Amino acid sequence: MKKLFNIIVFVLSLLFITNNFANDNGHEKKKKSEHNVETEDCSHVHWGYKGEEAPEHWPDLCTSFSACGGTVQSPIDISKAVHDKHLDPIIFDYYRTKTNIINNGHTIQFNVDKGSTISVDHKDYKLLQFHFHALSEHTIGGKHYPLEIHFVHKNSDDDYAVLALLIKEGKPNPLLTKYLNKFPKYKNTSFRSLGKFELIKLLPHNKSYFHYNGSLTTPPCSEVVNWYVFRTALTASKSQLKKLSQMLHHNYRPVQPLNKRIISFSSE
Ligand SMILES: [Zn+2]
């Protein structure tokens, strides 16, 4: 009799545990689906610069692209800026690097070795990569430059610093002279170079900048970017610019409303 009682207790407790476990599982599932609504995986969603995938449609293409319709978006036109003598110079800790040049279908991107950083506004940011837009995304006094290079640095998921370098027509650009013929023409192809180059030499000697807070200029357009646009433009030759613009297929987002933001500038 005692044995039967023990068996009943055992079966009952087993049922209790299983039931609880199922509840926990259900709870987990719910939490997960709530989470998915907020950060829907949009990596499969096609976006581009013309037709139904054009920038004006980005906010509607996928839930996680909704920031593209936000109020602190990039790029912007830089017409009025105020001098801020408290803006510190950017401190560069850039090293020689090998590179993997990739064509991701949206741009040509140079991935660089780990280790190069900048320090600005009392924070450190790691350089991840740099890439090209043609025409320029930022405009100065309403005017585009033929090319803009973005050096993307990250402190954390919600704190990026992007340095924007404008390129005008003039003398050949040494980086393009070295690598333009190696640029991968087709989507998802790449070129790995084991030869090293000096990152700091890609930047202008005078590193004063325009500064404002904005976003990534491509989906998901996250509003997490401290922008530093160099006030000094560098050059590339007419034929280099022509060749690059043919490869980039007008990959520039139109300027976004400034809204209440103030653009400041530093001097050296
Ligand atoms: Zn960019």
- Can you find, among Leu216, Phe130, Val162, the residue farthest towards the positive end of the dipole of the chain? Put +1 on the C-beta of Lys and Arg, -1 on that of Asp and Glu. Phe130
- Helix-only [θ] at 222 nm, the chain, -39500 (n - 2.57) per DSSP H run of 4+, per residue, nearest 500, equals -7000 deg cm²/dmol
- Item | the chain - Rg (one decimal) and Dmax (whole number), Cα, Å | 24.8, 99
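With +1 on each Lys and Arg Cβ and -1 on each Asp and Glu Cβ, and nothing else charged, work out how big the dipole of the chain is about its Cα centre, in Debye to the nearest 20. Walk me through the numbers before you get to the answer.
Numbers: 33 positive and 26 negative charges, 216 e Å.
Charge dipole, the chain, about its Cα centre: 1040 debye, nearest 20.
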- Quick one: angle between helix 238-248 and the longest Cα principal axis of the chain, in degrees between 0 and 90, rounded to 10, please. 20
- Query: How high is the relative contact order of the chain, given as a whole-number percent (alpha carbon pairs under 8 Å, six or more residues apart)?
  - Reply: 24
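Anything over 25 Å Cα to Cα? Flag those among Lys80/Lys126; Lys80/Lys243; Lys178/Lys201; Lys114/Lys238; Lys154/Lys242; Lys80/Lys154, in the order listed. All intermediate terms of the calculation are to be shown ahead of the outcome.
Values: Lys80/Lys126 30 Å; Lys80/Lys243 33 Å; Lys178/Lys201 13 Å; Lys114/Lys238 33 Å; Lys154/Lys242 31 Å; Lys80/Lys154 27 Å.
Pairs exceeding 25 Å: Lys80/Lys126; Lys80/Lys243; Lys114/Lys238; Lys154/Lys242; Lys80/Lys154.
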- Give the order of Arg253, Arg96, Arg192 when sorted by the count of other beta carbons within 10 angstrom, beginning with the fewest. Arg192, Arg96, Arg253
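Bear in mind these aren't lab numbers, they're just calculated from the coordinates by the rules spelled out. Just so it is clear, the structure is predicted and the values come from calculations on it, not from any experiment. As a convention, Cβ positions derive from the backbone with ideal geometry for all residues, glycine included, and neighbour counts pool all protein chains shown.
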